[in-house]
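Asker: Questions regarding the structure given below will be posed in turn.
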Amino acid sequence: MVAALAVLLGAIVALVAPAAAQTSTSDGLTPGTFVDVFEVSGLLDPVVADAVLSALEASEAAGAQALVLQVDSEGSVLGDDALTALVQRLATSSVPVHVWVGPSSSQAVGASAALGAVADEFAMAPGTRYGLDGATVPAPVAALAVRDLPPGVVTDAEAAELGITSFEAPTVGDFLVNLPGFETREIVDGDQTRREPITLVRFAKLSLVDSMFHAVASPAVAYLLFAIGLALFVFELFTAGVGIAGTVGAVCFILGCYGLAALPARPVAVALLVLAFPAFAVDVQTGVPRLWTGVGIVAFAVGTLFLYDGVSMSWLTIAVGMIGILLTFLSGMPSMVRTRFATPTIGRDWMIGSMGRAVTDISPDGVVQIDGAQWRATTNRATPIEQLDKVRVIGIDGLVLEVEPEEGGARDYRERRAPSADD
C-alpha cells in the first residue's frame with residue numbers, strides 16, 4: 001500500500017517541480033531599453049498575485065519600458081479585496097502593463113479576465129478564449145476596465161470583431177514588436193523581410209518555491225495531498241513506532257491544508273473527508289469491512305464531490321482519489337495489518353484466555369467482542385457459538401481469533417497446551 005501511495009505522491013511531486021524563475025538578460029541594463037515578460041498560468045491565487053506584484057515592482061525599479069503579462073488562467077480564487085488591490089496596482093503602475101493571452105489554446109476566463117480589461121495593450125493568440133464565463137468581479141475592478149469584459153466567453157476572432165483586442169499577435173514575439181516604443185529593425189532574408197527586435201526582453205516566471213506552492217494550491221493536488229496525508233496517518237496507527245509513513249503523511253497533510261486554505265473549499269466537505277478516516281480505521285482494526293467502512297465511503301464520496309465552491313476537479317482526479325482510497329481500506333490496509341500481526345515478533349498472545357461475547361453466530365466463522373473491540377473469530381465446527389454467548393480466546397491467527405464457548409470448551413485455556421516431557 002505504501003508503494004502505491006508513493007507512486008501517487010511521486011506523480012504529484014512531478015507536477016510541482018517546474019524550472020525556477022529565469023531571466024534572459026543580466027542586471028545593469030539602461031532604463032527604457034528593455035521589456036519584462038512575466039508568465040501567469042493556472043488559477044490566479046495569492047502566490048501568483050504576489051509574484052505579479054513583485055514583477056511589477058522590479059520592472060518599475062529597473063526602469064523597464066513595459067511589463068507584459070503572458071496569461072493562461074482558468075479563473076481566480078482571490079477574494080474581492082485581493083483582486084481589487086491587484087487590478088488597481090496594475091492600472092496605476094508607473095510602467096505600462098500589457099497582456100497577451102497565449103500561446104494557442106490558452107485562456108483568460110473568470111475573474112482572471114480582469115487582467116486583460118485593465119491592460120494598456122491587449123491581444124490574443126489564435127485559438128484562445130477570454131471573458132468572465134459567468135463569474136463576477138467587484139465594482140471597483142469593473143470601474144477600472146478600459147475595454148469590454150464579456151459576461152460569457154469569446155474567441156480571439158470574436159474579440160477582434162468586438163474591438164477588445166488591440167491587434168493580432170499569434171506569438172509573444174508578434175505581440176512585443178507591435179507594442180508602442182518597442183524598437184525593431186528590418187532584416188531582408190532572400191525575398192522576405194522580417195522584423196528583428198532591438199529592445200531587449202527579459203522573460204521570467206514563478207520561482208521553484210512559488211511554483212510548488214502554486215501547484216499545491218490547485219484543486220486536484222490539494223485534494224490528493226490531503227487524502228494521502230490522512231490515509232498515511234491511519235497507516236501509521238497500525239505500524240510499529242513512528243516511521244516514514246507518519247512523516248510523509250504529515251508533510252502531505254500540511255501541504256494539503258495549505259492548498260485547501262487557498263481555495264474556496266467548503267468546511268463541511270473538508271470535515272466529511274476528515275471524519276471518513278476514523279470510520280475506516282475502526283473496521284481496519286477488526287479486519288472486517290462492515291458498517292463503519294460504509295460510513296467512511298459515503299462520507300469520503302460526499303466530501304469529494306462537494307469539496308470546492310466555484311472551482312471544480314476533473315472526473316479523472318475524483319476517480320483516482322475515490323478508487324485509491326477504496327482499494328487502500330478494502331484491501332491494502334487489512335492485508336498489511338494481517339501480515340503485521342501474523343509475525344512472531346509482534347503478536348497478541350496476551351489476548352489468549354480473554355473472555356468476551358459473540359457479536360454474531362460463529363459457525364464456524366463470525367465476529368466477537370473482546371475488551372470493547374470487535375474481531376473476526378472462528379471456532380471448531382463441533383462447538384458452534386450463538387450470538388451473545390460468552391466466549392474464550394484460545395488462539396490467534398493474524399487478525400482472526402480462535403474461540404470456544406465458555407461452557408463446553410476447555411475449563412481453562414492452559415489445558416490446551418501440549419503436554420510437557422515430564423507429564
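Asker: Based on what the data block shows, is A145 more than 23 Å from L176 (Cβ to Cβ) and either in the same structural domain as P264 (by TED's automatic domain parsing) or modelled with pLDDT of 95 or more (or both)?
Answerer: no
Asker: Show the residue pairs that are 6+ apart or on different chains and have beta-carbon atoms under 6 Å apart, the first residue being within the stretch 346-364 and at positive phi, the second being modelled with pLDDT under 90.
Answerer: G353/Y413
Asker: Can you list residue pairs whose Cβ atoms sit under 7 Å apart, with the first residue in the stretch 382-394 being outside the structural domain of V359 (by TED's automatic domain parsing) and the second being assigned to a loop (DSSP other than H, G, I, E, B)? Count only pairs 6 or more apart in sequence or on different chains.
Answerer: Going by the 7 Å Cβ cut-off, there are no qualifying pairs.
Asker: Another question, if that's okay. Just give me the residues in the stretch 365-376 being in contact (Cβ under 8 Å) with a residue 60 or more places away in the chain and of a type outside the set (K, R), in sequence order.
Answerer: V367, A373, Q374, W375
Asker: Can you name the condition, by its number, that V137 falls short on among (1) buried (at least 20 other Cβ atoms within 10 Å of the Cβ); (2) touching a residue at least 60 places away in the same chain (Cβ under 8 Å)?
Answerer: All conditions are met except number (2).
Asker: Filter the stretch 276-307 for residues that are surrounded by 16 or more Cβ atoms within 10 Å (Cβ to Cβ), over 14 Å from T328 (Cα atoms) and at pLDDT 95 or above and give the result.
Answerer: Residues satisfying the conditions are A299, A301, G303, T304, L307.
Asker: Looking for something hydroxyl-bearing (S, T, Y), at pLDDT 85 or above, over 18 Å from L237 (Cβ atoms) and touching a Ser or Thr at 6+ places or on another chain (Cβ under 9 Å) - is there at least one such residue anywhere in the stretch 378-399?
Answerer: yes
Asker: Do we find a residue being among the β-branched types (V, I, T), surrounded by fewer than 16 Cβ atoms within 10 Å (Cβ to Cβ), out of contact with any His (no Cβ under 8 Å at 6 or more places or on another chain) and over 29 Å from V118 (Cα atoms) anywhere in the stretch 202-220?
Answerer: No, because not a single residue in the stretch 202-220 is among the β-branched types (V, I, T), surrounded by fewer than 16 Cβ atoms within 10 Å (Cβ to Cβ), out of contact with any His (no Cβ under 8 Å at 6 or more places or on another chain) and over 29 Å from V118 (Cα atoms).
Asker: Of all the residues that make up the stretch 103-147, how many are on the phi > 0 side of the Ramachandran plot and not charged (D, E, K, R)?
Answerer: Selection size over the stretch 103-147: 5.
Asker: Here's a check for you: in the stretch 400-423, which residue that is among the aliphatic types (A, V, I, L, M) and assigned to a strand (DSSP E or B) is modelled with the lowest pLDDT?
Answerer: Checking each candidate, the answer is V400.
Asker: Can I ask one more? From the residues in the stretch 99-122 that are within 13 Å of S166 (Cβ to Cβ) and in contact with a Pro (Cβ under 9 Å, 6 or more places away or on another chain), which one is surrounded by the most Cβ atoms within 10 Å (Cβ to Cβ)?
Answerer: Of everything passing the filter in the stretch 99-122, A119 is surrounded by the most Cβ atoms within 10 Å (Cβ to Cβ).
The values are calculated or read from the model by the stated rules, or taken from the named source; none is laboratory data. Predicted model only: the values in this text are computed from it and were never measured. No Cβ is skipped: glycine too gets one built from the backbone with ideal geometry, and neighbour counts run over all protein chains shown.
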